[in-house]
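Worksheet: one structure, shown below.
Laboratory data are not the source of any read-out in this text; all were calculated from the coordinates shown. Bear in mind that the values here come from a model prediction, so they are computed numbers and not experimental data. Ideal geometry is used to build each Cβ from the backbone, glycine not excepted, and the neighbour counts take in all protein chains shown.
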Amino acid sequence: MTDQASGHGPFEELAAGYALDALEPADEQRFLRHAQRCPACTQALVDYREVAAALADTAPPAEPRPQLADRIMAAALADLGVGPQRSASPADAGRENWAAAGPGDADTAPGDPVTMPGDHVTGQGEAITARTDAVTAREDAVAAREDAVTAREDARVMAADAGTAQEDVLPPGVVRLRPRASRWLRPAAAAAAVALIAGGGTWAGLAATSSPTREPPSASCAHEHGCSQVVLTGAATHQVAAKVLVQAGVAWMVPTNMKADDTADQIYVLWQLTGNSRPLAVGSFDVRAGTDTPIWIGDLAAPYAGTLAFAVSLEHGRTVPASPSRIVALGQVS
Amino acid sequence: MHPVSESPGASSRGDLDDAGLVELVAKADPDALAVLYERHGATCYRLARRITLNDVLAEDAVQETFVGLWRNPAGYRADQGSVRSWLLGLAHHKAVDFVRREAAQQRRQDAHAAQRALDPPTAADPAATAWAGIRAEQVRAALAELPEPQRHALALAYFGGYTQREIAQLTGVPLGTVKTRMFAAMRRLQLRLAAVGSSGGEGTW
């Protein structure tokens, strides 16, 4: 059992413990430092990891709620693109969601940094890279959160300068993203990772005098030529939450089943998801209990053709952030 | 399991093996992520649920695992073994993290629960066979062949989230003994499972 020739026995033993997440931090460090330059031990870890995974099959049956899948996919779709990303921490994702079905009995913050052993392992130690990458990703998440706050403050300044638009709809904020090298940059979109102007580039919101048509689409929009309807499903409820109507490049929101927001310090934002860029803010709106009439949101931020999905987020404060912080409803364009 | 994606892209992705799907995830393909979740999300959740004994924490662990995969697909390398074992390893690590932050009191109760989790079934339960599948039965049979102290150490570590030092304190044996038992158990399982041709593997099962 023990490889006496190379004195490898102790490390293979550590590999087994590592695969079970059962090592003390000191032993973890010792193993990682050794495995960094030992392909045999890296392979041993891979093998023991397979054994550990087999143990998972003996766990009692349990099915996750559909909401879990929705949250994962919503986070992925919201990430499509570049720039500061929202944290991977589920604590941000919807623990206090207004429509949350789950109990709030978890007091721990999953975003807390984990004490990670050893140095970042490269080369032969690929098997261990995932663990140290997780640490870096968590640090990136913290920095990304700080970037988002900065961008939000930028938007607030811009909105204040521009003056508020009529009614209760604030213009999409012009946000200047601080370029930041992020491990989440997708190669295809890296070139676009600087400034983004929501609103289709025309920044019509500032002028707002050439008033767009304020005639809402009719109820039979789905069946009309030139009018499109996208159904949004609640991220937590998995029920129909709202509909987005698009006509003549203008988006309207019909909140069929959305909770009224606290207009003192909350706002809903409609986002447009295309394949090539980060979510684009179309506009913001409030939901008042008992109202069912279409709400004018604004001009689309990008041509409707090529739009993958629409999403609604619920934001703190009264301005549009650089990126959605908490998706509450999502609907794919068919 | 609840299908997360019904687009035509998802059904074509279903023909790819896990490694191919991870490559697509690296190209920001959400359908590939959806298929990987459909294949392995439930098992990750079962494991996390067994460890944390808490639905919300289990979901958080799985969410962090798959969003982590989405944001850092390069963390997986083809020579790391199966994508499945890599995902389960991530989920296991996160679930154990959550558990270790809780009061020690709760986890003392888990010690007994962990022991029961790996005990051989007393009778062939048709319902158990239905949901467990052949693979689970193979693993359980292999576990049944382990000496009880080795199986106990394994259960406390894998499902209880205890460190070797904590297991030594719980069971009142020296740390070296715990290390030896855990190592022996893993070695025997490895040989036993390889004998039935069940190590690694792709796809849904």
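What percent do you get for the relative contact order of the range A:257-322 when only Cα pairs under 8 Å and 6+ apart count?
44 percent
Can you list residues whose amide H is under 5 Å from A:GLY298's amide H, if they're 5+ apart or on another chain and H is modeled 1.01 Å from N?
Amide H neighbours of A:GLY298, under 5 Å, 5+ apart: A:ALA251.
What percent does the relative contact order of the range B:37-92 come to when contacts are Cα pairs within less than 8 Å and at least six residues apart?
44 percent
Excluding B:ARG187 itself, what net charge comes from residues whose Cβ is under 12 Å from its Cβ, given Lys and Arg +1 and Asp and Glu -1?
So the surrounding residues net to 0.
Just for the Cα atoms in the range B:8-104, what are the lengths along the principal axes, largest first, rounded to whole Å?
46, 27, 19
For the range A:239-248, just list the computed ³J(HN,Hα) in residue order, Karplus coefficients 6.51, -1.76 and 1.60, θ = phi - 60°, integers in Hz, with x standing in for Gly and Pro.
Those phi angles translate into 10, 5, 10, 6, 10, 9, 10, 10, 9, 6 Hz.
Ignore the peptide's own chain and count Cβ atoms of other chains within 10 Å of each Cβ in B:160-170; give me the average, rounded.
Mean inter-chain Cβ contacts per residue within 10 Å come to 3.
Using only atoms on other chains, find how many Cβ atoms lie within 10 Å of each Cβ of peptide B:149-159 and report the average.
The shielding value for this peptide is 3.
Using modelled amide H (1.01 Å from N, peptide plane; none on Pro or chain starts), what sits under 5 Å from the amide H of A:ALA309, excluding residues fewer than 5 places away?
Those qualifying (amide H under 5 Å, at least 5 residues apart or on another chain) are A:LEU273, A:VAL333.
From other protein chains only, count the Cβ atoms within 10 Å of every residue's Cβ in B:51-57, then give the mean.
4
In sequence order, what are the phi-derived ³J(HN,Hα) couplings for the range B:159-167 according to the Karplus relation 6.51 cos²θ - 1.76 cosθ + 1.60 with θ = phi - 60°, rounded to whole Hz, with x for glycine and proline?
9, x, x, 7, 7, 4, 5, 5, 5
Using r as the Cβ-Cβ distance of A:THR233 and B:ARG135, and R0 as 25 Å, what FRET efficiency do you calculate, to the nearest 0.05?
0.15
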